[in-house]
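Here's the structure, in structure tokens; my notes come after.
The values are calculated or read from the model by the stated rules, or taken from the named source; none is laboratory data. Small disclaimer: the values here were computed from a predicted structure and weren't measured. Every residue, glycine as well, gets a Cβ built from its backbone with ideal geometry; the counts of neighbours run over all protein chains shown.
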Amino acid sequence: MSDALFSLAKSYAFPDVQLLVSGQRIEGFDDDGGVSVEFDDDDQSMVRGADGEVTVVRKAPAMGTMTVRLKETSTSNGILGGLRALQREFGATVWPCPVALFDPNTGETLTSPQGIFLNRPGIEKNAEPTVREWKIGLPNPVYVPTPDPLA
């Protein structure tokens, strides 16, 4: 008999996902997307030497870029705008803006002791509310994937 017959369905609810920047909860995400993170490089590479032996090269920890898509009506735009202004005024060393992302649906977490505001979102006015897209650099992200339920 298959184990699939006895497995329970999983649930997922994006509103449960929590994003904190400098301890402030960010809310009011766009309906088509909320938070995405891209890492700039692979963790390791392989090199084959002249003798045919393969060497695995560990790279320095990858940096990442978090993209946060908020509705223009979200009050979190004001929070991120204020944090960005403080960071530009006082510098990233004085105003580090730590970032934490937690998904209780999957158990995934991503943290970075420092978040660097990379852009100032553009403004667009239409008949329907538009989206503000914030980009936050993550110099030292720590990603913990979904825990293995069999471990």
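General remarks:
- Scan of segment 50-79 for residues that are of a type in the set (Ser, Thr, Tyr) and without any contact (Cβ under 8 Å) to a residue 40 or more places away in the chain, ordered by number: Thr55
- Subset of segment 13-40 (residues that are modelled with pLDDT under 80 and surrounded by 10 or more Cβ atoms within 10 Å (Cβ to Cβ)): Phe14, Gly33
- Pick from segment 41-87, criterion buried (at least 16 other Cβ atoms within 10 Å of the Cβ) and assigned to a strand (DSSP E or B), ranking: nearest to the chain's Cα centre (by Cα): Met66
- When restricted to residues that are among the charged types (D, E, K, R) and either under 12 Å from the mean Cα position of the chain (by Cα) or surrounded by 13 or more Cβ atoms within 10 Å (Cβ to Cβ) (or both), segment 88-132 contains 4.
- For segment 92-139, the set of residues classified as more than 20 Å from Pro15 (Cα to Cα) and at pLDDT below 90 consists of Ala92, Thr93, Val94, Trp95, Gly122, Ile123, Glu124, Lys125, Asn126, Ala127, Glu128, listed by residue number.
- Residue within segment 79-94 that is out of contact with any strand residue (DSSP E or B) (no Cβ under 9 Å at 6 or more places or on another chain) and among the hydroxyl-bearing types (Ser, Thr, Tyr) present: yes
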